[in-house]
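> Sharing a structure, written as structure tokens. Questions coming.
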Amino acid sequence: MESCLFCKIAAGEIPSDRVYEDEKILCFRDINPQAPVHVLVIPRAHIPSVDEVNAENCDIVAHIFKRIPEIAKTVGLSNGYRVISNCGPDACQSVGHLHFHILGGKRLSEEMA
Ligand code: 5GP
Ligand code: ZN
């Protein structure tokens, strides 16, 4: 996906503040943090959103969740965190490449929407 922002970040064409990476996924700090700690975890492969996760590509989601606890430790989230994936217009998804927000570093709102 040549025009995809997160594909460009994954390819290193756009710089990012990386906190974790391996051959399948990348985690970097959100450019507009909404909590003291706010990072995004993405697959290197382009998947537009949760809505396009299927039997063929769902292993990457398992891999992301396998790594989230160690990523959370790496960024200092020792007292809990929230994992969010916005999917589609009603959820205000603004980048069409699957990503999981990890938010924490303070007591987060009890409201989720
Ligand atoms: P969404 O709104 O799609 O759930 O989340 C997209 C996130 O990507 C937003 O929190 C936004 O701040 C972040 N973002 C947008 N452009 C960039 C960028 O160029 N670099 C980084 N690090 N984050 C970005
Ligand atoms: Zn992409």
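> Considering only residues that are within 16 Å of ligand 2 (Cβ to nearest atom) and either closer than 13 Å to residue 18 by Cα or not in a strand (DSSP E or B) (or both), which ones fall in segment 32-46? Walk me through it before giving the result.
Step one: list which residues in segment 32-46 are within 16 Å of ligand 2 (Cβ to nearest atom), which gives 40-46.
Hits for segment 32-46 are 40, 41, 42, 44, 45, 46.
> Here's another thing I want to ask about it. Which residue, of 10, 62, is aliphatic (A, V, I, L, M), outside any loop (DSSP other than H, G, I, E, B) and open to solvent by less than 60 Å² (accessible area, probe 1.4 Å)?
Criteria check complete, one pass: 10.
> So which residues in segment 24-42 are away from ligand 1 (no atom under 14 Å from the Cβ) and either open to solvent by less than 10 Å² (accessible area, probe 1.4 Å) or under 15 Å from residue 7 (Cβ atoms) (or both)?
Passing the criteria: 24, 25.
> So, residue 82, is that one open to solvent by less than 80 Å² (accessible area, probe 1.4 Å), within 22 Å of residue 113 (Cβ to Cβ), of a type in the set (D, E, K, R) and in contact (Cβ under 8 Å) with a residue 24 or more places away in the chain or not?
Yes, satisfied.
> May I ask you to list pairs of residues, at least six apart or on different chains, whose Cβ atoms are under 9 Å apart, with the first in segment 1-23 being in contact (Cβ under 8 Å) with a residue 40 or more places away in the chain and the second being aromatic (Phe, Trp, Tyr) and assigned to a strand (DSSP E or B)?
19/28; 20/28
> Taking residue 9 as the residue in question, decide whether it is among the aliphatic types (A, V, I, L, M), at pLDDT 95 or above and under 17 Å from residue 97 (Cβ atoms).
So residue 9 fits the description; yes.
> Does residue 91 satisfy the criteria of being surrounded by fewer than 16 Cβ atoms within 10 Å (Cβ to Cβ), of a type outside the set (Phe, Trp, Tyr) and within 19 Å of residue 4 (Cβ to Cβ)?
Against the criterion (surrounded by fewer than 16 Cβ atoms within 10 Å (Cβ to Cβ), of a type outside the set (Phe, Trp, Tyr) and within 19 Å of residue 4 (Cβ to Cβ)), residue 91 qualifies.
> Here is a further query. Tell me, which residue of segment 43-79 that is charged (D, E, K, R) and in contact (Cβ under 8 Å) with a residue 40 or more places away in the chain is nearest to ligand 1 (Cβ to nearest atom)?
52
A quick yes/no check of all residues on (1) surrounded by fewer than 13 Cβ atoms within 10 Å (Cβ to Cβ); (2) part of a strand (DSSP E or B); (3) within 16 Å of ligand 2 (Cβ to nearest atom):
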position: 56; (1), (2), (3): yes, no, no
position: 66; (1), (2), (3): yes, no, no
position: 69; (1), (2), (3): yes, no, no
position: 78; (1), (2), (3): yes, no, no
position: 86; (1), (2), (3): no, no, yes
position: 95; (1), (2), (3): no, no, yes
position: 98; (1), (2), (3): no, no, yes
position: 102; (1), (2), (3): no, yes, no
position: 108; (1), (2), (3): no, no, no
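The values are calculated or read from the model by the stated rules, or taken from the named source; none is laboratory data. For clarity, every value in this text was computed on a predicted model and none was experimentally measured. For neighbour counting, all protein chains shown are included, and Cβ atoms are generated from backbone atoms with ideal geometry for every residue, glycine included. All accessible areas refer to the heavy atoms of the entire protein, side chains included, with ligands and DNA or RNA removed. Shrake-Rupley method; radii C 1.70, N 1.55, O 1.52, S 1.80 Å.
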